[in-house]
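Okay, handing you the structure first.
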Amino acid sequence: MKTKEILNDLRAKNSEELQAELVSAKKELFNLRFQNATNQLDNTARIKDVRKNIARIQTILTQQEPKKEHILRGSREKRKACKGHK
């Protein structure tokens, strides 16, 4: 898959699906490192690919967080305004 396709696929997922994919990618990375240490890994470039995918997933999760904070902050400000708080 190309990078843009991977990113579009990841952006289409919600945070729970991204968390699940992050866990599976980290497990895969652990297994690849273990295979590499025991000289059983044929394609060592796969380690680099998995590490980049983990970083992509974490970046998208981080990008989704400010949206949630902004929504929460806005609702708090509305409640304060309604109660007459400054």
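The values are calculated or read from the model by the stated rules, or taken from the named source; none is laboratory data. Just so it is clear, the structure is predicted and the values come from calculations on it, not from any experiment. As a convention, Cβ positions derive from the backbone with ideal geometry for all residues, glycine included, and neighbour counts pool all protein chains shown. Accessible surface is based on the protein model in full, side chains and every heavy atom, while ligands, DNA and RNA are left aside. Shrake-Rupley method; radii C 1.70, N 1.55, O 1.52, S 1.80 Å.
Peptides 12-23, 33-44, 52-63: what's the order by average Cβ count within 10 Å, highest mean first? Kindly include the intermediate steps, with their values, before the conclusion.
Numbers: 12-23: 12.7, 33-44: 10.7, 52-63: 14.7.
In descending order of packing, they fall as 52-63, 12-23, 33-44.
Quick one: accessible area per residue over region 1-60, 1.4 Å probe, rounded to a whole number of Å²?
Numbers: 4480 Å² over 60 residues.
I get 75 Å² per residue for this part.
By how many nm would the segment from residue 6 to residue 20 lengthen if fully extended, with 0.36 nm per residue of separation less the alpha-carbon distance? Could the numbers behind the result be given before it?
On the way: separation 14, 0.36 × 14 = 5.04 nm, distance 1.57 nm.
Stretched fully, the residue 6-residue 20 segment lengthens by 3.5 nm.
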